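Each remark here refers to the structure printed beneath this line.
The values are calculated or read from the model by the stated rules, or taken from the named source; none is laboratory data. Given the structure is predicted, the values throughout are model-derived calculations rather than measurements. Backbone-built Cβ (ideal geometry, glycine too); neighbour counts: all protein chains shown. Each accessible area value is taken on the protein alone, full model and side chains, heavy atoms only, with ligands, DNA and RNA left out. Shrake-Rupley method; radii C 1.70, N 1.55, O 1.52, S 1.80 Å.
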Amino acid sequence: MAEGDQDRLFAEAIDRFGGALARLARGYEADAELRRDLEQELQVALWQSFATFDGRCSLSTWVWRVAHNRATSHMLANKRHAQRGWSSIEDVEIADADATPFARADSEHAMALILGIIDRLDPPDRQILLLYLEGVAAAEIGAVTGVSPDGVATKIHRFKSMLTRRFAGSGDAR
């Protein structure tokens, strides 16, 4: 692919997905400095990837695949797995037994709680939920992650059920 085409695709991808990529970086990296590094790594990896983009999948699917693969590599390179004690979504329980500590919390506080839960998940579950929060359809999430659409739907349902239990009584179970 010509470098001009590569630049054009990169500019289009950043225009369409730049904000989502920044949110994805937050989902993978809690430390602000490392998150900025990850955002740059995502952009570099994305630009480089367009040299081999052949259009067999949508631009969206390509961007998400590259971004999630790079973010996962970033995490593994920083050897955070053992330190963080990640869990599968089936194993995550919310530690706070009080059903309403965030009953009056604003949406930013609720999102911080959600991202805190996502931060504890295994990379495959994290990918699914971050894509879901970005509004990506289950079929496309499956294409990005290699998980069947039914498997994606099951993971999302479990996550939503967990959040519903967490926000029970607060009126903010989204």
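Quick look at the numbers
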item: Phi to ³J(HN,Hα) by Karplus 6.51 cos²θ - 1.76 cosθ + 1.60 over the stretch 24-32, Hz, x for Gly, Pro; result: 4, 4, 5, x, 9, 9, 7, 6, 4
item: Proximal charge balance of Phe50 [Cβ under 13 Å; K/R count +1, D/E count -1]; result: -3
item: Leu121 long-range amide H proximity, modeled H, under 5 Å; result: Ser87
item: Spin-label model distance (nm) - Ala168 vs Val44, 7 Å beyond Cα toward Cβ; result: 4.7 nm
item: Accessible surface of Lys160 - all protein chains present, 1.4 Å probe, nearest 10 Å²; result: 100 Å²
